[in-house]
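Enquirer: One structure, as structure tokens, below. Some questions next.
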Amino acid sequence: MARRMHLRKGDRVVFVGDSITEQRMYTNEVEAYLVQRFPRLNLTFFNAGWAGDTAAGGSRRLERDILALRPTVVTVCYGMNDGGYGYTPVSTVAANFRRHLTDIVWRLRRRGVRVV
């Protein structure tokens, strides 16, 4: 069974997340693979990772730091900092994370951005 490629020619891919994204390790690997494997797609990549960020922070900076780059595809990688490293009940942490992540995905999709 053939699988449809998620990326299209000329896509502008934005990686958004916390320090794991900002450090550019997995993002560089993804970019290098895609550029070498599919050079005719002529993809453009941007890194909007921010150390210490959370899904709530990503939601707040969505317009300024992500949508301003005019992405057609966005990868979202949050979660490491969303627990707050404190005594907040797990159910509250999970609900807040889910709410902010859903907001990010909904706002991106509303603008026609494909989300990974």
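The values are calculated or read from the model by the stated rules, or taken from the named source; none is laboratory data. Owing to the predicted nature of the structure, the values given are computational and were not obtained by experimental measurement. With ideal geometry, Cβ positions are generated from the backbone for all residues, glycine too; neighbour counts draw on all protein chains shown. SASA here: full protein model, heavy atoms, side chains in, ligands and nucleic acids out. Shrake-Rupley method; radii C 1.70, N 1.55, O 1.52, S 1.80 Å.
Enquirer: Note the angle between two axes, namely the Cα long axis of helix 25-37 and the longest principal axis of the Cα atoms of the chain, as a number of degrees from 0 to 90, rounded to the nearest 10.
Expert: Between helix and principal axis, roughly 20 degrees.
Enquirer: Work out the FRET efficiency for Ser91 and Gln36 from their Cβ-Cβ distance, taking R0 = 41 Å, and round it to the nearest 0.05.
Expert: On the way: r = 44 Å, r/R0 = 1.07.
Efficiency at R0 = 41 Å is approximately 0.40.
Enquirer: Normalised by the residues of the chain, what does the relative contact order come to in percent, with Cα pairs under 8 Å and at least six apart?
Expert: Details: 165 pairs, mean separation 36.9, N = 116.
In percent, rounded to a whole number, it is 32.
Enquirer: Quick one: check the C-alpha center-to-center distance for the stretch 1-64 versus the stretch 73-105, whole angstrom.
Expert: So the separation of the two Cα centres works out to 19 Å.
Enquirer: If you line up the long axis of helix 90-110 against the longest principal axis of the chain, both from Cα atoms, how many degrees apart are they, to the nearest 10?
Expert: Between the helix axis and the principal axis of the chain, the angle is about 30 degrees.
Enquirer: With runs of 4+ DSSP H residues as the only contributors, calculate the mean residue ellipticity of the chain at 222 nm using -39,500 (n - 2.57) per run, divided by the residue total and rounded to the nearest 500.
Expert: Details: 4 runs with 44 residues, N = 116.
Calculated from helices alone, the mean residue ellipticity at 222 nm is -11500 deg cm²/dmol.
Enquirer: How much of the calculated P(r) for the chain lies past 19 Å, in percent of all Cα pairs?
Expert: Values: 3221 of 6670 pairs.
When all Cα pairs of the chain are counted, 48 percent exceed 19 Å.
Enquirer: Something else now. If the elastic network links every pair of Cα atoms under 10 Å, which of Val74, Val14, Val105 fluctuates the most in the Gaussian network model of the chain?
Expert: It is Val105.
Enquirer: In addition: Going by a ≥ b ≥ c, the root eigenvalues of the Cα gyration tensor, does the stretch 47-108 fall in the rounded group (a/c under 1.5), the prolate group (a/b larger than b/c) or the oblate group? It would help to have the intermediate numbers written out before the result.
Expert: On the way: a/c = 2.76, a/b = 1.88, b/c = 1.47.
Cα axes put the stretch 47-108 in the prolate bin.
Enquirer: For Thr102, Thr92, write out the residues from largest to smallest accessible area, computed with a 1.4 angstrom probe and no ligands counted. Don't skip to the answer; put the middle values down first.
Expert: Working: Thr102 80, Thr92 60 Å².
Result of the area sort, largest leading: Thr102, Thr92.
Enquirer: Please work out how much accessible surface Asp11 shows to a 1.4 Å probe, ignoring ligands, DNA and RNA, in Å² rounded to 10.
Expert: In the full protein context, Asp11 sits at about 10 Å².
Enquirer: Could you check which residue among Pro71, Pro39, Pro89 shows the biggest mean-square fluctuation in a GNM of the chain with a 10 Å Cα cutoff?
Expert: In this elastic network of the chain, the residue with the biggest mean-square fluctuation among Pro71, Pro39, Pro89 is Pro89.
Enquirer: Okay, moving on. Please work out the average accessible area per residue across the chain, using the 1.4 Å probe convention, and give it in Å².
Expert: Values: 7570 Å² over 116 residues.
Solvent-accessible surface per residue comes out at 65 Å².
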